[in-house]
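The values are calculated or read from the model by the stated rules, or taken from the named source; none is laboratory data. Everything numeric in this text was worked out from a predicted model, so none of it was measured. Cβ placement follows ideal geometry from the backbone for every residue including glycine, while neighbour counts extend to all protein chains displayed.
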Amino acid sequence: MPASLTLDFLPFSARPNGVLIVFCDDGLKFGGAARVVLEPAGDLIKRAAEAERFKGKHGSTLEIVAPAGLAVPRLIVIGVGRVKDLKAESWVKLGGVAMGKIPPAATEATIIADLPGGAPKPERVADMAMGMRLRAYVFDRYKTKRKDDQTPAQHVKVGIAVSGVAAVQKAFASRDAIASGVLLARDLVNEPPNILFPDEFARRTNALKKFGVAVEILDVPAMKKLGMNALLGVGQGSQHESRMVVMRWNGGKKGLPPVAFIGKGVCFDTGGISIKPASGMEDMKGDMAGAACVVGLMQALAQRKAKVNAVGAIGLVENMPDGKAQRPGDIVTTMSGQTIEIINTDAEGRLVLADVLHYVNKRFKPKFMVNLATLTGAIIVALGHEYAGMFSNDDTLSERLTKAGQATGERVWRMPLGPEYDKKIDSKFADMKNTGGRDGGAITAAQLLARFVDKTPWAHLDIAGTGFASPQSDINKSWGSGYGVRLLDRLVADHYEK
Ligand code: BES
Ligand code: MN
Ligand code: ZN
């Protein structure tokens, strides 16, 4: 059974049902609506707070089971810290904290979205509700036995009491769309590679049609015709055929050049003939996290009817060793006409992206291109799992991405590009080679991509450290994180709509 979280917005006057959740500041003060409900409990909360040394610190919680005087099974007080320090992102997190505190067995809960000094803005309450959806996600479709102690609650109806229902509902519509996009991306990353091979991945993108997205799926003959030999070379050792999917959402002015998002979709990366060691190889089912993000983002933009023209393009392949597999030493001619000597078949993501970037640039002449890829282990060495590596030929785009990262918590850190790095991928036999050696490995990978984007403003996000197995947080308990959907949705919302 899938997780089913039901969210409803109610007026402050509604009677609370089930688990009661309220917020207080770092002076243990409550908003008026919460005070009314808590009144019959007298000084219970004050005494419990003293006993637990609860100070209302941001994100901290106080739980009282069967609180005397209140007709609820459990009271959860969530500290928000100093009210004037609260940002949009703080509310997303508070939603995650609230969701995480609802006990697994609970079927109903009520959150009183009030604060001392007045109810939070409708947008902030909607942010909180989005945080709840992000936290409530579990990927359990392959578990035939369920443990009862699984958190968070799996089948719970949450009423969020607010000061103006209509305004919150309106603000929530777009955030609901974004959350759905993130959860779709997580699902795709979490799926096992025997189920989610390139053609199956491509078929799943058809679901975006119901939101008004145009979906084109290109098969091997179509890509051969286009000359996408770098992408096809990666997939040629697999029993599963390669695919490219092009998604288009036209919510902006007719004829305006689109913004474009490109994703690496290596559904499984064994390394190919340059095979990877066995330990941890199962994680390489997530080597399509860039593509998953692009699909989740396109759905989010369409579902919230973003006023933008956007293209999403993903290259879907499986990198396998086989009698037909690509060899080290092979030279492929890309769609752009440039040739690449394969030194290491495990440096396959850049080969896929080289063709998809060129294709998108040539066909759509986009305003900018952002690609996402779990491209290199080297970026994990450099940045760990906290920031994605960002490489860009455009300062404005970089600054906008950096700001969007700070606002959403999906952070990026800009890395260098330059001719000194570029020359490390010059090849003895072809225009370039697909690896530049161990030193600066994330940078030389980016330099190869840069050779396929011409002058178009472009940013490459290396999400090897953030797309999966990234740190758990109040809003993410999933292996596949869905990283990038909120970041890029924010980039579009802040700069490219209307
Ligand atoms: N998909 C991997 C990169 C990766 C590693 C992503 C760990 C997530 C976690 C990529 O295709 C790869 O194998 N890169 C090689 C490149 C090398 C052969 C030049 C790497 O990083 O070791
Ligand atoms: Mn690889
Ligand atoms: Zn890979």
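Worth pointing out:
- Among (1) surrounded by fewer than 19 Cβ atoms within 10 Å (Cβ to Cβ); (2) within 15 Å of ligand 1 (Cβ to nearest atom) - the single one Lys307 does not satisfy: (2)
- Taken as a whole, the condition of being of a type outside the set (Lys, Arg) and in a loop (DSSP other than H, G, I, E, B) applies to Ala105.
- Boolean, Gly237 is of a type outside the set (A, V, I, L, M, F, W, C), more than 12 Å from ligand 3 (Cβ to nearest atom) and not in a loop (DSSP other than H, G, I, E, B): no
Each row is one residue, and each column tells you yes or no for (1) at pLDDT 95 or above; (2) surrounded by fewer than 17 Cβ atoms within 10 Å (Cβ to Cβ); (3) touching a Cys at 6+ places or on another chain (Cβ under 7 Å); (4) acidic (Asp, Glu).
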site	(1), (2), (3), (4)
Glu410	yes, no, no, yes
Phe429	yes, yes, no, no
Gly437	yes, yes, no, no
Gly441	yes, no, no, no
Ala445	yes, no, no, no
Val453	yes, no, no, no
Leu461	yes, no, no, no
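- Search result, residues across segment 237-261 that are surrounded by fewer than 23 Cβ atoms within 10 Å (Cβ to Cβ) and either under 19 Å from Leu449 (Cβ atoms) or in contact with a helix residue (DSSP H, G or I) (Cβ under 6 Å, 6 or more places away or on another chain) (or both): His240, Glu241, Val246, Pro258
- Restricting the search to strands (runs of 3 or more DSSP E) fully inside segment 378-463 and requiring at least 1 residues that are of a type in the set (S, T, N, Q) and touching a residue at least 60 places away in the same chain (Cβ under 8 Å) gives 388-392.
- Residues in segment 169-195 that are surrounded by fewer than 23 Cβ atoms within 10 Å (Cβ to Cβ) and within 19 Å of Gln239 (Cβ to Cβ): Pro192, Pro193, Asn194, Ile195.
- Test for Val189: is it within 30 Å of Ile331 (Cβ to Cβ), in a helix (DSSP H, G or I) and in contact with a strand residue (DSSP E or B) (Cβ under 6 Å, 6 or more places away or on another chain): no
- For Gly272, the stated conditions hold: it is within 10 Å of ligand 3 (Cβ to nearest atom) and either over 14 Å from Pro193 (Cβ atoms) or surrounded by fewer than 17 Cβ atoms within 10 Å (Cβ to Cβ) (or both).
- Taking the listed residues Ala278, Ala292, the one that is modelled with pLDDT of 95 or more, in contact with a strand residue (DSSP E or B) (Cβ under 9 Å, 6 or more places away or on another chain), among the hydrophobic types (A, V, I, L, M, F, W, C) and within 16 Å of ligand 1 (Cβ to nearest atom) is Ala292, with no other qualifying.
- Pairs where the first residue, in segment 253-268, is farther than 14 Å from Arg243 by Cα and the second is of a type in the set (Val, Ile, Thr) and more than 16 Å from ligand 2 (Cβ to nearest atom), C-beta under 6 Å, 6+ apart: Pro258/Val311; Ala260/Val311; Ala260/Val360; Phe261/Val294; Phe261/Val370
- Segment 221-261, residues that are within 16 Å of ligand 1 (Cβ to nearest atom) and under 24 Å from Phe368 (Cβ atoms): Ala230, Leu231
- Residue count, segment 256-293 (criterion: within 11 Å of ligand 2 (Cβ to nearest atom) and among the aliphatic types (A, V, I, L, M)): 4
- Within segment 310-319, restricting attention to residues that are more than 13 Å from ligand 1 (Cβ to nearest atom) and not β-branched (Val, Ile, Thr), the residue that is nearest to the chain's Cα centre (by Cα) is Gly312.
- All positions within segment 14-58 that are surrounded by fewer than 17 Cβ atoms within 10 Å (Cβ to Cβ), part of a loop (DSSP other than H, G, I, E, B) and of a type outside the set (Lys, Arg): Ala14, Asn17, Asp26, Gly27, Gly42, Asp43
- Check on Ala292, at negative phi and within 16 Å of ligand 3 (Cβ to nearest atom): yes
- Sole exception among (1) within 16 Å of ligand 2 (Cβ to nearest atom); (2) buried (at least 21 other Cβ atoms within 10 Å of the Cβ) for Gly296, by number: (1)
- The condition (being in a helix (DSSP H, G or I) and either hydroxyl-bearing (Ser, Thr, Tyr) or crowded, with 24+ Cβ neighbours inside 10 Å (or both)) is satisfied by just one residue among Leu316, Leu301: Leu301.
- The C-beta contact set for segment 341-354 (first residue hydroxyl-bearing (Ser, Thr, Tyr), second residue near ligand 3 (Cβ under 10 Å from one of its atoms) and part of a loop (DSSP other than H, G, I, E, B), distance under 6 angstrom, 6+ apart or interchain) comprises Thr345/Gly272.
- Residue identified as more than 15 Å from Leu297 (Cβ to Cβ), surrounded by fewer than 24 Cβ atoms within 10 Å (Cβ to Cβ) and of a type in the set (A, V, I, L, M, F, W, C) among Val266, Val234, Val215, Val220: Val220
- Taken over segment 482-498, the residue count meeting the criterion of being of a type in the set (A, V, I, L, M, F, W, C) and modelled with pLDDT under 95 is 0.
- Count of segment 327-360 residues which are assigned to a loop (DSSP other than H, G, I, E, B) and either closer than 17 Å to Asp454 by Cα or more than 13 Å from ligand 1 (Cβ to nearest atom) (or both): 8
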